[in-house]
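Undergrad: Please read through the structure below; I'll follow up with questions.
The values are calculated or read from the model by the stated rules, or taken from the named source; none is laboratory data. As the structure is a computational prediction, the values presented were derived from the model and not from experiment. Here Cβ is always computed from backbone atoms with ideal geometry, including for glycine, and neighbour counts include all displayed protein chains. The accessibility values were calculated without ligands, DNA or RNA, using every heavy atom of the protein model including side chains. Shrake-Rupley method; radii C 1.70, N 1.55, O 1.52, S 1.80 Å.
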Amino acid sequence: SLFHQGEIIAISRATGESRVVMDGLNHPHSLYQYEAITVFSDSENKMIVITDRDFQRIRSLYLPETDWIQDTSLLSNGNLLVCDSNNRRMLQVNPITGQTIDILTYSPEYKIYQAKEIGNNWRGMSNE
């Protein structure tokens, strides 16, 4: 992802040539490819973008209550783990409706840049 340019590019491993596969974003990052989908944060737009593996947009989830979506990853239950870093919290979000299912807040002393589920219990960390 090109953070400042607001683009996602694909680079051919064979030729080294690049092409823009998605543009019009505002600080995209934290791009993760899973078996059938790609998920990334469009931070300044307060959005999570879900595409197919060819970067055809499936849906965008607008989360107006967030401040800065630092990272978004897929949980084993199919929901999304969203790091809303400036609000010092992690959200569990339904990937279809965008509804927040659960919120885990953390200390202002911490700055979360990336989070992944370990095991199948997203709350398997201290909330102190």
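Undergrad: So if I place +1 on the C-beta of Lys and Arg and -1 on the C-beta of Asp and Glu, and nothing else carries charge, what would the dipole magnitude of the range 3-56 be about its Cα centre? I want it in debye, nearest 20.
TA: Numbers: 4 positive and 8 negative charges, 19 e Å.
Dipole about the Cα centre, nearest 20: 100 debye.
Undergrad: Which is the longest run of the chain containing none of the trypsin sites (Lys or Arg not before Pro) found in DSSP loop states (not H, G, I, E, B) with at most 14 other C-beta atoms within 10 Å?
TA: Values: sites that count: 13, 53, 111, 116, 123.
Longest stretch, sites excluded: 54-110.
Undergrad: Would you mind telling me which residue in 38, 72, 105 has the biggest mean-square fluctuation in a Gaussian network model of the chain, where springs connect alpha carbons within a distance under 10 angstrom?
TA: The residue that fluctuates most here is 105.
Undergrad: Bin width 5 Å, alpha-carbon pairs only: give the P(r) of the chain as whole percents, running from 0 to the bin holding the largest distance.
TA: Percent of pairs per bin, in order: 2, 11, 21, 23, 19, 12, 7, 4, 1, 0.
Undergrad: Given a cut-off of under 8 Å on Cα pairs at least six residues apart, what relative contact order in percent is computed for the range 1-116? The partial results should precede the final answer.
TA: Numbers: 267 pairs, mean separation 17.4, N = 116.
That works out to 15 percent.
Undergrad: Find me the longest stretch of the chain that has none of the exposed chymotrypsin sites (Phe, Trp or Tyr not before Pro), where exposed means in a DSSP loop (not H, G, I, E or B) with at most 15 other Cβ atoms within 10 Å. Before the final figure, lay out each step's value.
TA: On the way: sites that count: 3, 34, 68, 110, 113.
By the stated rule (loop sites, at most 15 other Cβ atoms within 10 Å), 69-109.
Undergrad: Excluding ligands, DNA and RNA, what is the solvent-accessible area per residue of the range 5-128 at a probe of 1.4 Å, expressed in Å²? Please report the intermediate quantities before stating the final value.
TA: Values: 7030 Å² over 124 residues.
Normalised by residue count, the accessible surface of the range 5-128 is 57 Å².
Undergrad: Roughly how many percent of the accessible protein surface of the range 35-114 is carbon and sulfur, given a 1.4 Å probe and a whole-percent answer? Can you show the working numbers first?
TA: Details: 1740 of 3880 Å².
Result for the range 35-114: 45 percent of the exposed heavy-atom area is carbon or sulfur.
Undergrad: Can I ask one more? Go ahead and set up a Gaussian network model of the chain, Cα springs under 10 Å, then flag whichever of 39, 82, 20 fluctuates most.
TA: Most flexible of the set in this elastic network: 20.
Undergrad: Another question about this same structure. Suppose every K and R has +1 on its Cβ and every D and E has -1 on its Cβ; what is the size of the dipole of the chain about the Cα centre, in Debye to the nearest 20? Spell out each step's value before the answer.
TA: Values: 11 positive and 16 negative charges, 29 e Å.
That gives a dipole near 140 debye.
Undergrad: Please go through the range 1-67 and write out the GluC sites (Glu not before Pro) that DSSP classes as loop and that have at most 15 other C-beta atoms within 10 Å. Present the calculation step by step, with values, prior to reporting the outcome.
TA: Numbers: sites: 7, 17, 35, 44, 65; in loops: 17, 35, 65.
Sparse-neighbourhood loop GluC sites (Glu not before Pro): 17, 35, 65.
Undergrad: For the chain, set up a GNM with springs between Cα atoms under 10 Å and report which of 28, 95, 64 has the largest fluctuation.
TA: Largest GNM mean-square fluctuation: 64.
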